[in-house]
1. Going Cα to Cα from residue 132, which lysines come in below 21 Å? Please leave out same-chain ones fewer than 8 positions away.
2. Check every DSSP H run in the chain and write down those whose alpha carbon atoms cover 30 angstrom or more along the long axis and whose mean Kyte-Doolittle hydropathy is -1.0 or greater.
3. Order 4-10, 209-215 from most to least packed using the mean count of other Cβ atoms within 10 Å.
4. At a 10 angstrom cut-off on C-beta neighbours, averaged per residue, how do the peptides 241-250, 98-107, 140-149, 39-48 rank from highest to lowest?
5. Once you order the gyration tensor axes a ≥ b ≥ c over the Cα atoms, which shape class does the stretch 38-183 get: rounded for a/c under 1.5, otherwise prolate or oblate by comparing a/b with b/c?
6. Could you give the nm distance between label points at residue 79 and residue 134, where each point is 7 Å from its Cα heading toward the beta carbon?
7. In a solvent-free Debye calculation with one equal scatterer on each Cα, what is log10 I(q)/I(0) for the stretch 141-263 at q = 0.16, 0.19, 0.21 Å⁻¹, listed in the order of the q values?
8. Quick one: divide the alpha-carbon radius of gyration of the stretch 41-126 by 2.2 N^0.38 Å and tell me what you get.
Amino acid sequence: MAFKELHKVTEEDAESIRSFIRETAAKAHVDGAIIGISGGIDSAVVAKLCADALGGDKVMCVFMPTAVTPADDYRQTKMMCDMWGIKYVTVNVQPAVDAFSGMLLTGKEAPLEKGNIMARCRMVVLYDKAKKYNRLVFGTTNRSELFMGYMTKFGDGAEDATPMHYLYKTQVREIAKIIGVPQEIIDKPPTAGLWEGQTDEDEMGITYHDLDLALNVWEQGATDEEMAEAAGITVEKAAEVRAQTVRMAHKYKGPAIPPIPEW
């Protein structure tokens with residue numbers, strides 16, 4: 001079976017997302033956008049697209065460090081916001097993370113559990129700012145993360161709008177170059193910043209390049225063997241990717257609801 005290749009992103013795609021951002025804000029009658037900025041490429045792309053679409057004065061980026069946040073993230077997030085005329089706010093969420101961790105954790109949990117608490121504390125901050133300033137939270141989740149469930153439910157996965165819903169991670173990198181995201185951000189290893197040394201690709205056990213090639217044909221109905229061939233991975237790894245998309249459907253399909261009753 002012949003499959004469509006992964007779409008090569010263009011300036012036209014960037015403008016389509018800008019239009020989506022403008023229309024979404026206008027329909028909601030809000031005064032702008034709130035974005036959780038991390039120093040990574042996803043939040044950088046969304047911040048720049050929102051600034052392009054709405055004007056930098058209508059965008060607020062909130063940087064929410066914890067004890068494990070790298071020093072470079074402080075510099076890079078401020079640098080980008082200054083460059084694009086975006087209001088920059090820092091809120092240290094470590095006290096909130098410590099409070100919830102002391103209440104919920106016993107010390108035997110995996111790092112992911114504390115990471116989920118961090119992500120949900122950040123969500124509370126973003127929605128508090130959104131309410132105060134009459135803005136929408138524009139999320140930074142991309143299509144690769146959606147299908148793999150690589151975000152915290154009601155944490156970094158909580159958003160009023162998802163501008164990059166149709167962009168795989170490799171396409172996010174392409175659009176970053178088009179819209180002028182600094183090269184040092186594009187070159188950074190992707191990380192959720194949930195614990196020291198954590199990277200997306202190590203945690204998932206596959207590179208975004210290979211993952212996106214596999215997901216692209218999976219969406220077109222490919223078998224595990226066809227996914228493996230398209231991405232240059234083993235059939236076993238392709239099967240793992242497929243199984244993960246099934247397990248994570250509750251994250252990207254929304255809450256389960258019963259059938260419509262015949263009343």
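Values quoted throughout were computed directly from the atomic coordinates according to the rules given, and no laboratory measurement underlies them. What you are looking at is a predicted structure, and each value in this text was computed from that prediction instead of being measured. In this analysis, Cβ positions are derived from the backbone assuming ideal geometry, glycine residues included, and neighbour counts consider all displayed protein chains.
1. Correct list for residue 132: 27, 58, 87.
2. Membrane-span-like by this criterion, though nothing is claimed about a membrane: 111-133.
3. Ranking, from highest mean packing down: 209-215, 4-10.
4. Details: 241-250: 14.9, 98-107: 11.4, 140-149: 23.3, 39-48: 25.0.
Top of the packing list down: 39-48, 140-149, 241-250, 98-107.
5. Note, shape of the stretch 38-183 comes out prolate.
6. 3.6
7. The calculated log intensity ratios at q = 0.16, 0.19, 0.21 Å⁻¹ are -0.86, -1.15, -1.33.
8. Taking N as the residue count of the stretch 41-126, the ratio is 1.25.
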